[in-house]
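Please read the structure below before turning to the comments.
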Amino acid sequence: MMFFEGSEKKVEAVLKPGHESLRALGKPFWENLVAQANATILSSVHNDRCDAYLLSESSLFVWDDRFLMLTCGTTTLVQAVTEFLKHFSQNELAMLTYQRKNEYQSHLQKSSFDEDLVALSGLLPGTAWRLGHLDGHHNYIFHSEAAYQPDADDATAELLMYHIQGQAADYLRSPSQTLEGVRALFNWQGMLPDFQFDDFLFEPFGYSMNGIRGDRYVTVHITPQEDSSYVSFETNLDKAELGPVLDQLLRLLQPQSYDVISFNLATKLAHQGGVVRVDQAEQRLPIGYTMRFEHFMVPPKAPLSATRL
């Protein structure tokens with residue numbers, strides 16, 4: 001069985017006002033940071049507000065005052081975070097968050113969240129939370145403890161889909177798929193007008209996409225393997241634009257279960273018939289964000305067959 005851990009780890013860091021732009025650090029700085037996580041930069045797109053780098057494992061976005069990095073597989077994102085903290089002191093840092101979620105095969109990871117927490121808290125005072133039941137889907141977050149107030153439009157949403165089905169899923173697992181075919185399948189230009197896109201089709205399959213428009217971003221990562229399929233979508237689109245995009249992705253990919261994680265944004269989705277909300281959690285974080293976590297699933301209609309290992 002071919003297996004790849006699609007589940008991402010994620011860091012976001014914001015510098016205090018008056019600091020030199022992070023974009024001015026240049027690509028070599030970010031190449032080194034990405035290498036600390038055991039990943040590489042594949043390509044990039046740029047506009048006057050943001051640099052978006054597509055990675056061998058997920059994505060990196062850099063704005064003047066902040067950066068966001070996601071890595072999947074067995075990457076060591078915590079090492080990239082500790083490397084960043086060697087260059088920027090607590091006095092320069094306005095806010096930092098570090099997230100991990102439940103993995104399909106956590107024993108294959110280079111570290112656990114608890115071990116990451118030890119590494120981070122040794123460099124940066126902070127607090128950690130778990131949203132969701134430990135024996136089900138859940139999300140961990142560590143955040144710096146210094147007071148912080150995000151901008152009014154600083155809101156993000158993540159849609160994490162598991163066990164995708166239907167014609168789109170079949171195509172994403174097909175040996176005959178092409179980059180042009182995947183683009184046509186999703187119709188990114190129609191779904192997200194005026195965005196610049198950068199994408200990559202992996203061998204034998206797997207797909208990543210970054211998109212930017214001004215300071216807005218979207219990122220998509222697809223691990224289509226049948227036994228462990230996983231698709232993530234993350235963005236800072238406003239609520240009016242977000243809803244139709246999420247609904248379209250759910251209709252197209254027909255996941256058997258999915259998580260919705262948001263910061264300072266209450267999402268409302270057009271769930272398909274039969275979908276039930278299994279779990280939900282909400283936490284007001286001291287750094288000015290309300291984090292929401294919801295897990296949905298389609299109950300199986302028949303017993304699942306055992307998988308011979």
If you scan region 91-121, which residues turn out to be surrounded by 19 or more Cβ atoms within 10 Å (Cβ to Cβ), at pLDDT 90 or above and polar (S, T, N, Q)? 97, 99
Of the residues in region 73-108, those that are out of contact with any helix residue (DSSP H, G or I) (no Cβ under 9 Å at 6 or more places or on another chain), of a type in the set (S, T, N, Q) and in a loop (DSSP other than H, G, I, E, B) number 5
Can you tell which of 59, 21 is out of contact with any strand residue (DSSP E or B) (no Cβ under 7 Å at 6 or more places or on another chain), touching a residue at least 12 places away in the same chain (Cβ under 8 Å), under 25 Å from residue 213 (Cβ atoms) and of a type in the set (Gly, Ala, Ser)? 21
Are there any pairs with C-beta distances below 6 angstrom linking a residue in region 220-236 that is touching a residue at least 60 places away in the same chain (Cβ under 8 Å) to a residue that is of a type in the set (Asp, Glu) and in a strand (DSSP E or B), with the two at least 6 apart or on different chains, and if so which? 234/158
Has region 282-298 got at least one residue that is acidic (Asp, Glu), surrounded by 12 or more Cβ atoms within 10 Å (Cβ to Cβ) and in contact with a helix residue (DSSP H, G or I) (Cβ under 9 Å, 6 or more places away or on another chain)? no
Could you list all residues from region 259-280 that are more than 18 Å from residue 153 (Cα to Cα) and surrounded by 17 or more Cβ atoms within 10 Å (Cβ to Cβ)? 259, 260, 269, 275
Specify the residue that is modelled with the lowest pLDDT; the eligible residues are those in region 30-72 that are closer than 27 Å to residue 109 by Cβ, of a type in the set (Val, Ile, Thr) and in a strand (DSSP E or B). 71
Tell me, which residue of region 149-193 that is among the charged types (D, E, K, R) and exposed (fewer than 13 other Cβ atoms within 10 Å of the Cβ) is nearest to residue 245 (Cα to Cα)? 153
If you take the residues of region 223-259 that are of a type in the set (A, V, I, L, M, F, W, C) and not in a helix (DSSP H, G or I), which of them is farthest from residue 298 (Cα to Cα)? 237
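The values are calculated or read from the model by the stated rules, or taken from the named source; none is laboratory data. Note that the structure is a prediction, hence the values are computed from the model and not measured. Positions of Cβ are backbone-derived with ideal geometry, glycine not excepted, and every protein chain shown enters the neighbour counts.
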